[in-house]
1. Pull up region 19-60, narrow it to residues that are touching a residue at least 40 places away in the same chain (Cβ under 8 Å) and acidic (Asp, Glu), then point me to the one that is surrounded by the most Cβ atoms within 10 Å (Cβ to Cβ).
2. Among GLU86, GLU63, GLU69, which is the only one that is touching a residue at least 40 places away in the same chain (Cβ under 8 Å), under 20 Å from ALA138 (Cβ atoms), in the same structural domain as GLU150 (by TED's automatic domain parsing) and acidic (Asp, Glu)?
3. Pick from ILE6, ILE22, ILE58: which is closer than 15 Å to TYR134 by Cβ and assigned to a loop (DSSP other than H, G, I, E, B)?
4. Looking only at region 123-136, count how many residues are surrounded by fewer than 16 Cβ atoms within 10 Å (Cβ to Cβ) and modelled with pLDDT under 90.
5. Please pick out the residue among ILE68, ILE126 that is β-branched (Val, Ile, Thr) and assigned to a strand (DSSP E or B).
6. What are the residues in region 110-123 that are in contact with an Asp or Glu (Cβ under 6 Å, 6 or more places away or on another chain) and either polar (S, T, N, Q) or assigned to a strand (DSSP E or B) (or both), if any?
7. Search region 9-18 for residues being out of contact with any Gly (no Cβ under 8 Å at 6 or more places or on another chain) and in a loop (DSSP other than H, G, I, E, B), and hand back the single one that is surrounded by the most Cβ atoms within 10 Å (Cβ to Cβ).
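The values are calculated or read from the model by the stated rules, or taken from the named source; none is laboratory data. Note that the structure is predicted; figures quoted are calculated from it, not measured. So basically every Cβ, Gly included, is an ideal-geometry build from the backbone, and we count neighbours across all protein chains shown.
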Amino acid sequence: MTQNIITYPSPLSVKYATDVRIFDEALFALIDDLKDTINENNLDGLAAFQIGNYYNVIVIRDENNQLIEMINPRLIAHQGRVMTRESTVYYPNMYAEIERFASISVIYQDKNGKDCSLRINGAMAIVVQRKIDYTFGATFILKMSLQERERFEKQLSQGAYVGYDDYCPTTFTRDYILQAINGILLVMLLGAIGSFFVQEKLWAYELYASFGVFTLTIIYFFYGYYEGKKYTTCTSCQVGNIIGTCAINLIKLTLIMVGSYLIMH
């Protein structure tokens with residue numbers, strides 16, 4: 001019988017899976033429900049957790065389109081790593097970049113209680129790992145990198161898909177322009193201080209440097225605005241940050257130039 005699949009934001013109904021000890025009709029019925037639900041929703045696999053059952057049972061579709069029942073599965077060995085773009089029915093229509101083992105070895109029991117083992121790689125290995133995550137009461141969000149988790153959680157909070165091209169990164173190309181501005185401002189400050197000890201007047205150099213800072217600030221503003229517009233989910237906050245950064249740079253420049261003028265004249 002087809003069962004309802006638990007989806008976000010409904011919490012998973014149990015904390016962790018309980019190993020199957022009795023192989024009876026209740027277990028067989030659960031397996032049939034998992035298979036029916038997989039076929040009805042055209043899925044690659046399903047854990048009992050995902051339909052609200054506490055047993056440590058998963059069903060996986062193999063490369064031959066056959067459904068394999070894995071009871072009490074355990075991942076005992078792995079080899080290599082691969083970055084995957086995954087989705088899961090718990091988070092409908094959402095995707096994430098996750099690092100997984102490229103090849104795994106799994107031991108489990110079939111529905112008759114017979115011990116089995118399987119060496120898996122490729123797409124099926126990814127699905128098995130994701131479903132085993134559910135048996136520990138976890139979704140694939142715990143496997144994400146920090147930046148990917150931030151992007152994914154933002155996606156959840158907005159209730160809509162935030163694509164990779166739309167996601168606000170933590171660093172921008174315009175940051176290099178800002179580094180150059182800060183470097184010139186530092187040199188100007190050191191020049192002003194150095195004028196106490198150097199007989200030669202440095203005012204001309206300060207003027208040239210100030211023109212450079214002003215020009216770079218203008219470039220920073222327009223390029224930063226262009227870059228911020230690329231990330232549609234955070235354009236407003238990025239533009240606000242850009243304006244604020246430009247204002248701070250100009251205030252720093254003004255203070256340094258006023259100080260330099262007073263010192264050098």
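1. The extreme case among them is ASP44.
2. Going through GLU86, GLU63, GLU69 in turn, just one is touching a residue at least 40 places away in the same chain (Cβ under 8 Å), under 20 Å from ALA138 (Cβ atoms), in the same structural domain as GLU150 (by TED's automatic domain parsing) and acidic (Asp, Glu): GLU86.
3. ILE6
4. Within region 123-136, residues that are surrounded by fewer than 16 Cβ atoms within 10 Å (Cβ to Cβ) and modelled with pLDDT under 90 number 1.
5. ILE68
6. Hit for region 110-123 is CYS116, nothing else.
7. In this case the residue turns out to be SER10.
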